[in-house]
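Participant: Sending over a structure as structure tokens; questions will come in a sec.
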Amino acid sequence: MKDLSLHILDIAQNSISAGASLIEITIEENPVKDLYTLVIKDDGKGMDKETIMKVADPFYTTRNTRKVGLGIPLLKLNAERTGGTFSIESRVGKGTSLSATFIRSHIDRLPEGDLPGTIVMLATSNPTLQFIYNHSTPNGNYTFNSREIQEVLGEIPINDLSVYPFLKEMIVSNLSDIKV
């Protein structure tokens, strides 16, 4: 995958496939410690210990459509390539939490990509699910909560075509206020 937003999309799709109703995506940028951390948590069906041990293997997948699952192994590889870390925790019936930490200044750290577009696409494509996106930097914090947005929109559904550009611009604007 060529950027972090595509990793987020892939992992969020895993959460959706696992029956999650709540998906939290958190990014913390810490230039002082030279770290960029991505955490994705869900309340999906979770995994047993045996599955957790296999999930970073590119030749393991729970899908029947193909025999490889590259999303998690590539995220792990990309984090470790920068000198960062990767971890995954899960409990059956409770959900999964995945964390990837990158050395922020490392030449091999992937670019962010279109984070606002990814978050809006996830929220508008899955209007019955709750997406919470938290992004923090030394300059501040920004939180996008799809349920709160739907409340503000009232009768207009979050997946109405006219809402997408508004939401994307809102996220872009708020992120520009906190980016380092």
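The values are calculated or read from the model by the stated rules, or taken from the named source; none is laboratory data. Because the structure is a prediction, the values reported are computed rather than measured. Here Cβ is always computed from backbone atoms with ideal geometry, including for glycine, and neighbour counts include all displayed protein chains.
Participant: Being out of contact with any helix residue (DSSP H, G or I) (no Cβ under 6 Å at 6 or more places or on another chain), touching a residue at least 24 places away in the same chain (Cβ under 8 Å), closer than 20 Å to residue 9 by Cα and assigned to a helix (DSSP H, G or I), is that true of even one residue in the stretch 86-97?
Facilitator: No: zero hits.
Participant: Now for a separate question. Need pairs with beta-carbon distance below 7 Å; first residue within 12 Å of residue 94 (Cβ to Cβ) and within the stretch 42-57, second part of a helix (DSSP H, G or I); sequence gap 6+ or separate chains.
Facilitator: Hits for this filter: 42/15; 44/15.
Participant: Mind listing just one residue for me: the one in the stretch 57-85 that is of a type in the set (A, V, I, L, M, F, W, C) and outside any helix (DSSP H, G or I) and, of those, modelled with the lowest pLDDT?
Facilitator: It comes out as 68.
Participant: Which residue, of 91, 104, is more than 20 Å from residue 4 (Cβ to Cβ) and basic (Lys, Arg)?
Facilitator: 91
Participant: For the stretch 81-94, what are the residues that are among the charged types (D, E, K, R) and either surrounded by 15 or more Cβ atoms within 10 Å (Cβ to Cβ) or within 14 Å of the chain's Cα centre (by Cα) (or both)?
Facilitator: 81, the sole residue that qualifies.
Participant: I've got another one for you. Residue check: is residue 112 surrounded by fewer than 18 Cβ atoms within 10 Å (Cβ to Cβ) and either closer than 30 Å to residue 160 by Cα or charged (D, E, K, R) (or both)?
Facilitator: no
Participant: Quick one: count up the residues across the stretch 1-17 that are buried (at least 19 other Cβ atoms within 10 Å of the Cβ) and out of contact with any helix residue (DSSP H, G or I) (no Cβ under 8 Å at 6 or more places or on another chain).
Facilitator: Matching residues across the stretch 1-17 total 1.
Participant: Which of the residues that make up the stretch 5-30 are within 22 Å of residue 93 (Cβ to Cβ) and of a type in the set (Ser, Thr, Tyr)?
Facilitator: Matches in the stretch 5-30: 15, 17, 21.
Participant: A follow-up question, please. Looking only at residues that are among the acidic types (Asp, Glu) and in a loop (DSSP other than H, G, I, E, B) in the stretch 137-164, which one is surrounded by the fewest Cβ atoms within 10 Å (Cβ to Cβ)?
Facilitator: Checking each candidate, the answer is 155.
Participant: Is the stretch 1-15 home to any residue that is modelled with pLDDT under 90 and closer than 23 Å to residue 103 by Cβ?
Facilitator: yes
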